[in-house]
Amino acid sequence: AVDIFTGSFPVRYGNATGGIISIEGPSKADKPGGHLNVALFLSDAYAEVPFLEKNTGLIVASARQSYPNYAVLRLYPDAVPPDAKYASYQDGQAKLNIGAGHHELPGLIFGARDILKYTKAVASSTNDTYSSSGALGDLGGGIGGGVGSGGNTNSDTRPPVALDRRFYTQGIRYSYRHGGVFRNTVLMALAVFHEDFELDFRSPFTGETVFGFEVTNARHEERFRDDAVLEVIPEKLSLNAGFETTFHRWEESLTNFSPQQ
């Protein structure tokens, strides 16, 4: 189920100031299933596996990977202009859900990574760097790698911006329901956003580099939330109560400032 709120969204979504996309994944499955798609520029996979008695447990996982750098540069490099740039991205998610009687305990992790790469001019210096650190598992553990660490210099004909952006969110939720009268939900979540980008300022008259630098932008958000709903008069009057607390940590840094003579 997917709900989209572009404004005047319910207060239960907390302190959000933009739009809301609320996605509810599956919680039960009758039998194992899934699919695998393989294409020239992109592949994806999905699987769901029920477990425990009476299908009270479920594991759902999906992943997607694009590879234009290999499909285009390796198969038909003459079709790409020397100064063209392209994006490579990957994303994935996994959910574990256990429910029994009045209780339900789902856990979820999902994340994505987007890399703005260059073609031809610096293909050899970027392919090795990103192919060794671009696995989905690095979403959590690979934080800290810079875009400009692949041996690039300011003497090539690349575009003036490089970008490596990734995020991951993980959380666990416990729900207790007593018929249709009372429901309480406790949520704990951690969200991490990390972005490295590199700027190369050049003279509009000579095309020579004036200066360049690398920027790291990292944000961590830890959230705890409790929601309780009591149906005073079923389908007519309900009492909602709860609280939410969020901790933020933000890092902004500039490194490798390199003015040219």
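Note on the range 24-48: residues that are touching a Lys or Arg at 6+ places or on another chain (Cβ under 9 Å) and of a type in the set (A, V, I, L, M, F, W, C) amount to 2. Among the conditions (1) modelled with pLDDT of 90 or more; (2) open to solvent by 80 Å² or more (accessible area, probe 1.4 Å), E53 misses just one, which is (1). In this entry, N97 is excluded by the filter for residues that are part of a strand (DSSP E or B), exposed (fewer than 12 other Cβ atoms within 10 Å of the Cβ) and modelled with pLDDT of 85 or more. The criterion of being at pLDDT 80 or above, part of a loop (DSSP other than H, G, I, E, B), among the acidic types (D, E) and exposed (fewer than 12 other Cβ atoms within 10 Å of the Cβ) does not hold for E252.
Looking only at residues that are more than 30 Å from P68 (Cα to Cα) and over 20 Å from the mean Cα position of the chain (by Cα) in the range 16-41, which one is least open to solvent (accessible area, probe 1.4 Å)? Going through the qualifying residues, I end up with A29. Considering E221, E208, E231, the condition of being open to solvent by 50 Å² or more (accessible area, probe 1.4 Å) and at pLDDT below 90 is satisfied by E208 alone.
If you check E214 against the conditions, is it open to solvent by 30 Å² or more (accessible area, probe 1.4 Å), at pLDDT below 90 and more than 30 Å from R183 (Cβ to Cβ)? So E214 fits the description; yes. Would you please list the contacts, defined by Cβ atoms under 8 Å and residues six or more apart or on different chains, that run from a residue in the range 27-43 that is part of a strand (DSSP E or B) to a residue that is open to solvent by 90 Å² or more (accessible area, probe 1.4 Å)? As it stands, the answer is L42/R64; S43/L36; S43/R64, since those pairs meet every condition given. Does the range 68-80 contain at least one residue that is modelled with pLDDT of 80 or more, among the acidic types (D, E) and either surrounded by 11 or more Cβ atoms within 10 Å (Cβ to Cβ) or in a helix (DSSP H, G or I) (or both)? So far as the range 68-80 goes, no, none of its residues is modelled with pLDDT of 80 or more, among the acidic types (D, E) and either surrounded by 11 or more Cβ atoms within 10 Å (Cβ to Cβ) or in a helix (DSSP H, G or I) (or both).
The values are calculated or read from the model by the stated rules, or taken from the named source; none is laboratory data. These numbers come from a predicted model, not from an experiment. Don't worry about glycine lacking a Cβ; one is built from the backbone with ideal geometry, like all the others, and counts go over all protein chains shown. The accessibility values were calculated without ligands, DNA or RNA, using every heavy atom of the protein model including side chains. Shrake-Rupley method; radii C 1.70, N 1.55, O 1.52, S 1.80 Å.
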